[in-house]
Every structure is written in C-alpha cells, then in structure tokens.
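The values are calculated or read from the model by the stated rules, or taken from the named source; none is laboratory data. Everything numeric in this text was worked out from a predicted model, so none of it was measured. Quick reminder, even Gly has a Cβ in these numbers, built from the backbone with ideal geometry, and neighbours come from all protein chains shown. Accessible surface is based on the protein model in full, side chains and every heavy atom, while ligands, DNA and RNA are left aside. Shrake-Rupley method; radii C 1.70, N 1.55, O 1.52, S 1.80 Å.
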Amino acid sequence: MARRRRRTPALIAGAAVLGVVAGACVGYLVQADRAPTALPSLSQPSLAQAKGAGPEPLSAAQDRKVKTDGDLRKLLLRKPAGARKALIEVGNDGWMDLAAYAEEFQSPDNAFRRLAREDELRRVAVVDWREGSTYTAEIRLVQYRETERGTQAADDAGAGNDNAQPPDDHTTDGWPIPGTGDGMAYVHHKPDTSYGVGVYSAEAHAWRGDIAMEIWIYDTKPIPKAKVMDLAKRQMEQL
C-alpha cells in the first residue's frame, strides 16, 4: 500500500514570503565498536578451483554502486549561479536526518517508526536555495537499504505522485519526466493562501535503483512547467 504523506511548505514558503528565519536541525549518530567474534572452523573437503581468467570488473561508469554508495550529496544538482542561501535550510551540511524527514509526514511519530523499521531508510541528501525574494527550490535524494522486497524507492516515488494529484484535483497539471519510466512533474495552479499571501508550488517525483528523488518549488508567482521539468530531468541524469 502506498504511504500517505502530506508535504507541508509552511516553513519554507512562509519564510520566503514573510521573511521569517527560523529552524533547527537535530542529528544523532549511533556507533557500535565491537570486536568480531571468531567463528569455529569448518571441516569440509577441499573444493576444486575453477581455472581461467574471471570476468572483468565493471567500470565506474557501469557500476551503479560506485555512485550511490559514495557521498550521496555529490549526486545532487549544484545551486544555480547567483542563487542565495535558503531562508530556512532543511538539512545540516547537505544531510536531512530521520527525525526531520519524518516531520514531513502527516503522522511524524508513525512515520519515524515505519521509516526506521519497515522501510529501512538509509539516508537523505538535500540541497536548497533561493532566487530573488520569494522563489525557493529544494531537491532531495532519499536512499533506502536494499532488501529482498527491493521496491521502497519506487513506493516512495509512487506515494509522492499519488499525493501530488489526487483523483479529484482539477487544479494540478502533471507530465511524465522523460527517461524515468513512471516519474512525474507537477504544477499546482491554485495558490495556497494559508500564509496570508498566495504561494504557488510545483513538485516532481521519480526513482532509480534504491534512490527516490523529490523536488519542491515555491513562489508567490505561478511556476512554469519548464522550471520544474528542467530540474527533474537534470537531477535524474545525475543518477
């Protein structure tokens, strides 16, 4: 079942509109430093070794693990030239911890437990920036541990798509992101007036391997399709 989630842009969009600078980031690191326990020796007959040269190892360009197991932040798009620091940064040195990510869900407590235990969230890399006085963009790469089920990144992107355009939503347009299979980009034409001024938004969701991509854009002016589509296509090319 797709996870129900609700993106709440109050902090990001509200700060961009009203100039309120606030936020906190809490991180934690659990380390275990235990000496390995020696295993008993196994008694078995010697096995004949295969002869001949083995297959050549994959090159860095062919081996996806070389990219995704390294510093995930390096796969994020860089901030555009001239872009400024976001009024409220959602990450800490390019990382978004589990607690902060769970806050994006409708029920943060339940989301925290599910992300840690069932979904096996591994890490979230994030970049955000501001252009002009009200335009704010945020890109996240959400990586999950690979399990036998192995579909969590796809489920994440699917849930994002479901939330972006519910069946009864006639104020949102969506378009496929080329080269991503089921990736989608959306523009919401109805502004959110919860902050005392209209805030428009756009978003995109796609996945590749064990990584789900999320893009969020906010502005006090309508956001063109080309803006979110360009970010989505270039970010997926990075993966």
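Give me a count of the residues in segment 179-204 that are of a type in the set (A, V, I, L, M) and either open to solvent by 20 Å² or more (accessible area, probe 1.4 Å) or within 13 Å of the chain's Cα centre (by Cα) (or both).
3
Of the listed requirements (1) open to solvent by less than 70 Å² (accessible area, probe 1.4 Å); (2) hydrophobic (A, V, I, L, M, F, W, C); (3) modelled with pLDDT of 95 or more, W207 misses just one: (1). Would you check if there is a residue in segment 78-99 being closer than 30 Å to P222 by Cβ, open to solvent by 20 Å² or more (accessible area, probe 1.4 Å) and in a strand (DSSP E or B)? Yes. Within segment 166-176, is there a residue that is touching a residue at least 24 places away in the same chain (Cβ under 8 Å), surrounded by 18 or more Cβ atoms within 10 Å (Cβ to Cβ) and either aliphatic (A, V, I, L, M) or more than 28 Å from D119 (Cβ to Cβ) (or both)? Checked against the condition, which is being touching a residue at least 24 places away in the same chain (Cβ under 8 Å), surrounded by 18 or more Cβ atoms within 10 Å (Cβ to Cβ) and either aliphatic (A, V, I, L, M) or more than 28 Å from D119 (Cβ to Cβ) (or both), segment 166-176 yields no hits at all. Only one of the numbered conditions (1) without any contact (Cβ under 8 Å) to a residue 40 or more places away in the chain; (2) open to solvent by 30 Å² or more (accessible area, probe 1.4 Å) is violated by V124, and that is (2).
Within segment 52-77, being open to solvent by less than 50 Å² (accessible area, probe 1.4 Å), part of a helix (DSSP H, G or I) and at pLDDT below 90 holds for one residue alone: T68. A single entry from A116, A100, A83 fulfils the requirement of being out of contact with any Cys (no Cβ under 8 Å at 6 or more places or on another chain), among the hydrophobic types (A, V, I, L, M, F, W, C), within 23 Å of S201 (Cβ to Cβ) and at pLDDT below 95: A83.
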